[in-house]
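Remarks on the structure that follows.
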Amino acid sequence: MSGRTYVRSVASILAGLWVTVGAAVPIGYVILKLLQSAADGELGPELLERPWVVLSLLMGYAVAAAIGGWAAGWVTIEKRRRLTLLLSASHVGTWLFVLVSGASPFEPGITLGLAAAGVAGTIAGLSLRAWQVGRWSRASLAE
């Protein structure tokens, strides 16, 4: 039984990260198109000096991570705290690797903000999924 839980946990983490990336691409595209239209058709690094631009990018990634966390909860919600910790650590580890390798197009503060947004989104998404599972379980018990 422990082996099955381990496999579901690994599948859940991979699904969560995959869905996060899959959600981040269209969300990022929409945000960039909105920024481009607000900046008279221009996109450039000078936009990152505006706090509302950085905040919108961080919020977009947090929403993508919440969708990924929610999807991870569909695979398994068992041992939710460990799943939250591992999925959050995956987000932080990925962004730290990007930062250390010099592959980030953003300043270090923004890159670390993306890691924090990934953690916050993961917690929100998994919490929402756990609440849904608990609500549905209570409803089936009441019937």
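With distances taken between every two different alpha-carbon atoms, the chain has a Kirkwood hydrodynamic radius of 16.2 Å.
The orientation-averaged projected area of the convex hull spanned by the Cα atoms of region 5-72 comes to 4.8 nm². Could you tell me which of Gln36, Pro51, Gly68 has its Cα farthest along the dipole of the chain towards the positive end, charges placed at Cβ (Lys, Arg +1; Asp, Glu -1), taken about the Cα centre? Working it through, the farthest residue towards the positive pole turns out to be Gly68. Inter-part distance, region 1-54 to region 116-133, computed on C-alpha centroids, equals 15 Å. In a simple Cβ point-charge model (Lys, Arg +1; Asp, Glu -1; nothing else charged), the chain has a dipole of about 940 debye relative to its Cα centre.
Over the chain, dividing the summed -39,500 (n - 2.57) contributions of all DSSP H runs of at least 4 residues by the number of residues returns a 222 nm mean residue ellipticity of -30000 deg cm²/dmol.
A short reminder: the numbers here are calculations on the coordinates, not readings from a lab. What you see is a predicted model; the values in this text were computed from it and never measured. Every residue, glycine among them, receives a Cβ derived from its backbone with ideal geometry; neighbour counts consider all protein chains shown.
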